[in-house]
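Shown next, in structure tokens, is the structure this report addresses.
The values are calculated or read from the model by the stated rules, or taken from the named source; none is laboratory data. Computed from a predicted model, the values in this text were never measured in an experiment. Glycine also receives a Cβ, built like all others from the backbone with ideal geometry; neighbour counts cover every protein chain displayed.
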Amino acid sequence: MVEDIAIRLARNRSDFDACALLQRAVWGLADAEVTSPLQLITSIHAGGMLHLAENAESHPVGFAFAFPGLKDGVAYLHADLLAVLPEHRKRGVGVRLKWAQREEALGRGITLMMWTDDPLQARNANLNLHRLGGVAAEFLEDFYGVAGSSLHHGLPTDRVLVRWDLSAPRVEERARSGDPPATVPTPAYPRINDVRWQAGWAVSSEPRLDLSEPELLLEIPPEWDVLCQAAPRVAQDWHGKMRRALSTYMSRGWIAADFAPTEESGRRRPFYVLRKD
């Protein structure tokens with residue numbers, strides 16, 4: 001955690017303008033893809049939340065935005081955006097923003113938050129499932145369509161829907177005890193895919209789609225953005241295989257119940273832990 005970063009709710013137009021600028025700085029979004037200050041203001045007025053992270057000079061370095069949602073008759077907050085400037089990543093800013101969202105939501109009597117996430121982003125999965133205690137139970141194929149932003153690398157925008165039950169015992173335990181270990185032993189569950197290293201890149205086997213054990217492991221690449229930029233064909237291959245694996249098992253009742261950031265032979269080996277719901 002960083003003591004020089006303060007978290008607060010947005011309160012004036014300059015805060016909303018700063019969040020638009022942060023979207024461009026963090027993700028390189030085109031104007032058409034930026035959530036505008038006007039949309040942020042309207043969403044907050046309608047019951048949403050916008051938290052800012054500021055450094056010691058009161059300069060915004062990150063933000064978290066959520067708006068009201070309704071799914072299957074249940075009201076919740078959809079956490080749409082979480083952004084932290086590159087120079088402030090790996091300093092605990094993002095996780096502090098999420099815990100601030102939880103505290104504010106519970107204070108309003110809201111016990112559920114959800115959001116979509118790119119299942120091939122290991123850092124995000126580690127935050128959502130391992131550090132925050134969320135789960136992902138629904139696979140959303142090409143959710144946004146193919147977007148022009150470099151953020152999506154020209155690939156279909158497959159997503160999983162993360163569910164964060166704010167009062168769940170696992171979430172409460174994470175809130176009390178702080179971050180779990182940065183790396184964990186590899187769970188002894190059957191593996192949906194095998195990964196080998198070829199020309200310096202992780203390459204996945206075809207996923208096994210006929211497993212029936214209640215707990216399974218699905219490995220993903222450790223650095224998705226780096227892989228997409230340096231070896232796009234390898235990344236495209238990963239994308240198709242992960243789509244087949246996640247869509248198959250989630251449609252049959254498995255959920256991404258945890259994330260295991262492991263290391264083997266000096267290499268990062270990130271695994272989803274899929275569990276039959």
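Points to keep in mind about this one:
- Residues that are without any contact (Cβ under 8 Å) to a residue 60 or more places away in the chain and surrounded by 18 or more Cβ atoms within 10 Å (Cβ to Cβ), drawn from the stretch 242-260: A245, Y249, W254
- Among the candidates E33, E54, residue that is at pLDDT below 95 and not hydrophobic (A, V, I, L, M, F, W, C): E33
- Test: L97 is among the hydrophobic types (A, V, I, L, M, F, W, C), out of contact with any helix residue (DSSP H, G or I) (no Cβ under 7 Å at 6 or more places or on another chain) and without any contact (Cβ under 8 Å) to a residue 12 or more places away in the chain: no
- Top-ranked residue in the stretch 1-46 [being surrounded by fewer than 16 Cβ atoms within 10 Å (Cβ to Cβ) and in contact with a Lys or Arg (Cβ under 8 Å, 6 or more places away or on another chain); ranked as farthest from G178 (Cα to Cα)]: V2
- Count of the stretch 52-94 residues which are farther than 16 Å from I7 by Cβ and assigned to a strand (DSSP E or B): 11
- Residues in the stretch 21-31 that are over 20 Å from the mean Cα position of the chain (by Cα) and in a helix (DSSP H, G or I): L21, D31.
Residues are listed down the side, and each one gets a yes or a no for (1) in contact with a helix residue (DSSP H, G or I) (Cβ under 7 Å, 6 or more places away or on another chain); (2) not in a loop (DSSP other than H, G, I, E, B):
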site	(1), (2)
R208	no, no
L211	no, no
P222	yes, no
Q229	no, yes
K241	no, yes
I255	no, yes
F259	yes, yes
T262	no, yes
R275	no, yes
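- The listed residue being hydroxyl-bearing (S, T, Y), free of Cβ contacts under 8 Å to residues at least 40 places away in the same chain and more than 17 Å from A257 (Cβ to Cβ), out of S204, S167: S204
- Screening the stretch 82-117 for residues that are within 24 Å of H153 (Cα to Cα) and surrounded by fewer than 20 Cβ atoms within 10 Å (Cβ to Cβ) and picking the one that is modelled with the lowest pLDDT gives K90.
- Condition met for S265 (surrounded by fewer than 16 Cβ atoms within 10 Å (Cβ to Cβ), out of contact with any Gly (no Cβ under 7 Å at 6 or more places or on another chain) and not assigned by TED's automatic domain parsing to the domain that holds L129): yes
- Residues of the stretch 250-273 that turn out to be under 19 Å from D194 (Cβ atoms) and polar (S, T, N, Q), as a count: 2
- Flag for A182 being in a loop (DSSP other than H, G, I, E, B) and among the small types (G, A, S): yes
- D225 vs. criteria surrounded by 13 or more Cβ atoms within 10 Å (Cβ to Cβ), under 21 Å from the mean Cα position of the chain (by Cα) and at pLDDT below 95: yes
- Considering (1) under 30 Å from R11 (Cα atoms); (2) exposed (fewer than 14 other Cβ atoms within 10 Å of the Cβ); (3) modelled with pLDDT under 95, the lone condition that G154 does not fulfil carries the number (1).
- Criterion violated by A137 - all others in (1) in the same structural domain as G253 (by TED's automatic domain parsing); (2) surrounded by 12 or more Cβ atoms within 10 Å (Cβ to Cβ); (3) of a type in the set (G, A, S); (4) modelled with pLDDT under 95 satisfied: (1)
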